[in-house]
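Presented below is the structure to which this report refers.
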Amino acid sequence: MLVTPGTLATPRLRLRPLTEADTDWWVRLHADAEVNRFVGAYSPELAAARLQETERQWAQRGYGLCAVELASSGEAIGRSGLNWWKQFDETEVSWIFARSHWGNGYASEAGRAVLTWGFDALDLKQITAMIRHGNTRSVTVARRLGFAPLREEHFLGGPCTVFARTRGTFTPR
């Protein structure tokens, strides 16, 4: 599954580390009101700062957020990957895709690849998924990936449920 350092692949997708060079794409991805409904929009400055932090995580922890590209064309269609949250001392998996690519199973496919990588290659013991209340699509993906509710938090401007998977309970499908 790990193709080159930091690059994951599935039959349909390629995941590569995000960098500050992806700022304009990140802003465009989050500009759609339906996409940013639960995660917010980004100005170029906020996006660049977020991507600088992503690059730091890759350098310090060996993992981070990835651009998700179609293997067939190289088109960037979303983002997924692992993000460490200092305030919770937890690693979270996330998935956000351009609306034109919803309903194709890409979030589940990317999430499954990231979980396999996190548990098998990185030896993480637990991975969380923080999902804002009302985001039923992400709850469906989380449940499909075997996550269960762990606790409630108020995070990034709103209430969310923190779902979790532990290493011993994950079987990739």
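Pull up all non-local amide H partners of Gly81: gap of 5 or more, or a different chain, and H-to-H distance under 5 Å with H placed in the peptide plane. The answer is Cys66, Ser94.
Other residues lying with their Cβ under 12 Å from the Cβ of Asn83 contribute a combined charge of +2, Lys and Arg counting +1, Asp and Glu -1. Backbone phi angles across the stretch 104-110, fed through the Karplus curve with coefficients 6.51, -1.76 and 1.60 (θ = phi - 60°), yield HN-Hα couplings of 9, x, 5, 4, 5, 5, 5 Hz in residue order; Gly and Pro are listed as x.
What does the charge count around Leu65 come to, taking other residues whose C-beta lies under 11 Å from its C-beta (Lys +1, Arg +1, Asp -1, Glu -1)? Local net charge: -1. Label separation (Arg167 vs Arg28): 4.0 nm, computed from points 7 Å beyond Cα along the C-beta direction. The value for the chain of Rg(Cα) / (2.2 N^0.38 Å) is 0.95.
Net charge in the neighbourhood of Val162 (other residues with Cβ under 10 Å of its Cβ; Lys, Arg +1, Asp, Glu -1) is -3. Magnitude of the charge dipole for the stretch 1-108, about its Cα centre and with charges confined to Cβ atoms of Lys, Arg (+1) and Asp, Glu (-1), is about 220 debye. Proximity of backbone amide H atoms, modeled 1.01 Å from N, is registered between Phe155 and Cys160 at under 5 Å, excluding neighbours fewer than 5 places apart on the same chain.
Volume per residue for the stretch 87-173 equals 99 cubic angstrom (convex hull of Cα atoms).
Readers should treat all values here as calculations from the given coordinates under stated rules, not as data from a laboratory. From a predicted model like this one, the values you see are computed outputs, not experimental measurements. Neighbour counts run over all protein chains shown; Cβ positions are idealised from the backbone, glycine included.
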